[in-house]
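Engineer: Let me begin by handing over the structure; questions about it come next.
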Amino acid sequence: MTVFFLIAHCIVLFKSVIRYTDYNVLLNSSNVIIGLIALIISCWFVLKALNNPDLFKGVDSNMLLINEVVISTEKELLETPKSAEIALQIELVKKYVLENEPFLEPSLTIQDLAKQVNIPVRDLSVLINHHMNQHFFDFINEYRIQKAMQILKSPSKSKLTVLEILYEVGFNSKSSFNTAFKKYTNQTPTEFRNS
């Protein structure tokens, strides 16, 4: 690809130089050559994409919109008693998060958690958003805040600063930690530690 662009740029440079000489006939032919090179590059990109469907990895044409998934899930709940299965999945996810503490990883995504608990990403998203009534990051931050509360109340870790604690529990910034902590406890981390 770089070679093609280099050739095209060289031809454009050559065309610019020719414009100021007596060889104006070459100017028209250079326009044709540049057009052909652009066409070849475009065709090459399209063929490369068609021959390598891995370029579109993760894009599933059969995937349903989340609204359709929720509607079909609600219909299934009305038709068959799946609430026990959903409760079991919720319990499984909560137990896994408590025991393995994946929330300590600052870059944790729903895809990572889905792999760890062996639930499809879409199903985990529906489980957290619609059956637990939380966003993924609120769900994870709740565990991070609980861990931070344990550390803040621990006499053995009283020397740790709030900044050290927020990094230890998986937050990336002090402002997001303070916002989440205040949302969960109605106190700042310092107020909580001193209470």
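Nothing in this text is a laboratory measurement; each read-out follows from the coordinates by a stated rule. On a predicted model such as this, the values are computed, not experimentally measured, just so you know. Neighbour counts are summed over all protein chains in view; Cβ atoms, including those assigned to glycine, are modelled from backbone coordinates with ideal geometry.
Engineer: Would you work out which of Pro106, Leu127, Thr190 lies farthest towards the positive end of the dipole of the stretch 98-195? Charges go on Cβ: Lys and Arg +1, Asp and Glu -1.
Structural biologist: Thr190
Engineer: Rounded to a whole number, what is D in µm²/s for the stretch 76-162 from Stokes-Einstein with the Kirkwood radius over alpha-carbon pairs (25 °C, 0.890 mPa s)?
Structural biologist: Working: Rh = 14.4 Å.
For these conditions, the coefficient is 171 µm²/s.
Engineer: I'd like the distance separating the alpha-carbon centroids of the stretch 171-195 and the stretch 99-119, in whole Å.
Structural biologist: 23 Å
Engineer: Suppose we take every Cα in the stretch 144-195 and form the convex hull; what volume per residue is that in Å³?
Structural biologist: Cα convex hull per residue, to the nearest whole number: 62 Å³.
Engineer: Taking the simple approach of a point 7 Å from Cα along Cα-to-Cβ for both Glu142 and Val121, what is their distance in nm?
Structural biologist: 2.3 nm
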